């Protein structure tokens, strides 16, 4: 069964597929809900694909109130029910001297990672009039005790209700690019409007992530829904392939989020 799923995903995603499949096996065998970590959209897609082989399991996603990118999943055997509290998500607000310092998403995420926890215990980080984030509840005490400064500014974390979790602001720009291939370096070159050699160097030097994972191969093939993060630039998502031209090039719709 797992081998059938492999053909729909990349070679480097096999470990994730095996891990997720094992969680389904546990939920089905033990007849007990199984909670997964926070998942990015690509991992959510894997969960949905694996779920097709387990008709006795319902998958429920939740990342906090509102439209969220990173979600936790609970694998629920038939006849059982779960509630929001079963997702074990706590929403925190960062209190900081906002009159004297400006914090970016990169500043906040960097400080959180320095606490020493895995990205999988962190949900969405929303930067707006306030700075809020979702975290796995068992790690709240560790966060509140150890995350005391961001960019040399003192900060405190305050737990808030899920209903108060602000919605992310979509400040992305939708553009159309013409690309000769789906190679990672080629698409970056077209989106950033820079030379292919420079884009290739970015990838080779580990400055590019695809779906939150560093990718060092310039020949890596990009697919629709992939999120590409480029250090010091921002990130972009391949929304769709609009058309293939008569000359064999591809017209791509891309959503671009530039660093601030």
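The values are calculated or read from the model by the stated rules, or taken from the named source; none is laboratory data. Every value quoted in this text rests on a predicted model; they were computed, and no experiment measured them. All Cβ positions, glycine included, derive from the backbone under ideal geometry; neighbour counts span all protein chains shown.
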Please verify whether the stretch 111-122 includes one or more residues that are modelled with pLDDT of 90 or more, in the same structural domain as residue 46 (by TED's automatic domain parsing), surrounded by 13 or more Cβ atoms within 10 Å (Cβ to Cβ) and part of a strand (DSSP E or B). no
Taking the residues in the stretch 199-215 that are part of a loop (DSSP other than H, G, I, E, B) and under 19 Å from the mean Cα position of the chain (by Cα) as candidates, determine which candidate is surrounded by the most Cβ atoms within 10 Å (Cβ to Cβ). 211
Just need a number here: residues in the stretch 38-58 that are in a strand (DSSP E or B) and within 18 Å of the chain's Cα centre (by Cα). 2
When the stretch 150-164 is examined, which residues are found to be surrounded by 12 or more Cβ atoms within 10 Å (Cβ to Cβ) and closer than 17 Å to residue 109 by Cβ? 150, 151, 153, 155, 157
Members of the stretch 71-100 that are farther than 24 Å from residue 25 by Cβ, outside any strand (DSSP E or B) and touching a strand residue (DSSP E or B) at 6+ places or on another chain (Cβ under 7 Å): 84, 96, 97
With the structure loaded, tell me whether residue 88 is at positive phi and modelled with pLDDT of 95 or more or whether it fails that test. yes
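Matching residues to (1) at pLDDT below 90; (2) crowded, with 16+ Cβ neighbours inside 10 Å; (3) in contact with a helix residue (DSSP H, G or I) (Cβ under 8 Å, 6 or more places away or on another chain):
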residue: 126; (1), (2), (3): no, yes, no
residue: 129; (1), (2), (3): yes, no, no
residue: 186; (1), (2), (3): no, yes, yes
residue: 192; (1), (2), (3): no, yes, yes
residue: 197; (1), (2), (3): no, no, no
residue: 217; (1), (2), (3): no, no, yes
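Between 229, 189, which is outside the structural domain of residue 69 (by TED's automatic domain parsing) and in a strand (DSSP E or B)? So that I can check it myself, show each step before the final result.
Working: 189 fails: in a strand (DSSP E or B).
229 is the lone residue from the list that is outside the structural domain of residue 69 (by TED's automatic domain parsing) and in a strand (DSSP E or B).
Confirm whether residue 63 is at pLDDT below 95 and either surrounded by 15 or more Cβ atoms within 10 Å (Cβ to Cβ) or outside the structural domain of residue 140 (by TED's automatic domain parsing) (or both).
no
Given the structure, is residue 226 buried (at least 17 other Cβ atoms within 10 Å of the Cβ) and in contact with a strand residue (DSSP E or B) (Cβ under 6 Å, 6 or more places away or on another chain)?
Numbers: buried (at least 17 other Cβ atoms within 10 Å of the Cβ): yes; in contact with a strand residue (DSSP E or B) (Cβ under 6 Å, 6 or more places away or on another chain): yes.
The answer is yes for residue 226.
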How many of the residues making up the stretch 83-115 are under 22 Å from the mean Cα position of the chain (by Cα) and closer than 18 Å to residue 166 by Cα? 12
